[in-house]
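Notes follow the structure.
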Amino acid sequence: MVGAGRRGTRLPAAAAMSGSEGLLSVDYEVSGRVQGVFFRKYTQGEAKRLGLVGWVQNTSHGTVQGQVQGPADRVRELQEWLRKTGSPQSRISHAEFSNEKQIAALEHADFRIVK
C-alpha cells in the first residue's frame, strides 16, 4: 500500500503532523496597537505558513484574540511571533495565553479571520 507504514497501517493525518509532543490548543489575546494595522491578516498568514489552524478576531476593547491549534512546536513558534513580532505597524504591549491543552485531533479546518 502506497504511503503506508512498514506494517501496512496508516497514521491518522493529525498524528502524522503532530510531531513528538502531540497536538496543542491555546487561546490568546494580544494588547497594544493591534487593530487597524493588519494584525489579523498577518496572524492568519503566519499561522498558515506554520501549518496551524484556528481563528483570530478584533475585540470591542481594542485587543486581538483567538485560538491556535497544531503541533506543539509550531504553536510555540506562533506564540513567540504574537509576543514579539506581529504585523509591521503593530506595537505589541502584552500577549496573554490561556486554556493550553493537549488535544487528540484538530478542531478547525483552517485558520480564519472572524469579523
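Filtering the range 50-70 to residues that are under 19 Å from Gly32 (Cα atoms), small (Gly, Ala, Ser) and touching a helix residue (DSSP H, G or I) at 6+ places or on another chain (Cβ under 8 Å) leaves only Gly66.
When the range 63-88 is filtered for residues that are in contact with a Leu (Cβ under 7 Å, 6 or more places away or on another chain) and farther than 16 Å from Asp110 by Cβ, the ones remaining, listed by number, are Ala72, Glu77.
Of the candidates Ala47, Ala95, Ala105, the single residue that is part of a strand (DSSP E or B), touching a helix residue (DSSP H, G or I) at 6+ places or on another chain (Cβ under 9 Å) and not basic (Lys, Arg) is Ala95. If you filter the range 64-115 down to residues that are touching a Phe, Trp or Tyr at 6+ places or on another chain (Cβ under 8 Å) and in contact (Cβ under 8 Å) with a residue 60 or more places away in the chain, you find that the one that is surrounded by the fewest Cβ atoms within 10 Å (Cβ to Cβ) is Ser98.
The numbers here are math on the coordinates, done by the rules we state, and not lab data. Remember, it's a predicted structure, so these values are computed and weren't measured experimentally. Virtual Cβ from ideal backbone geometry, glycine too; neighbours counted across all protein chains shown.
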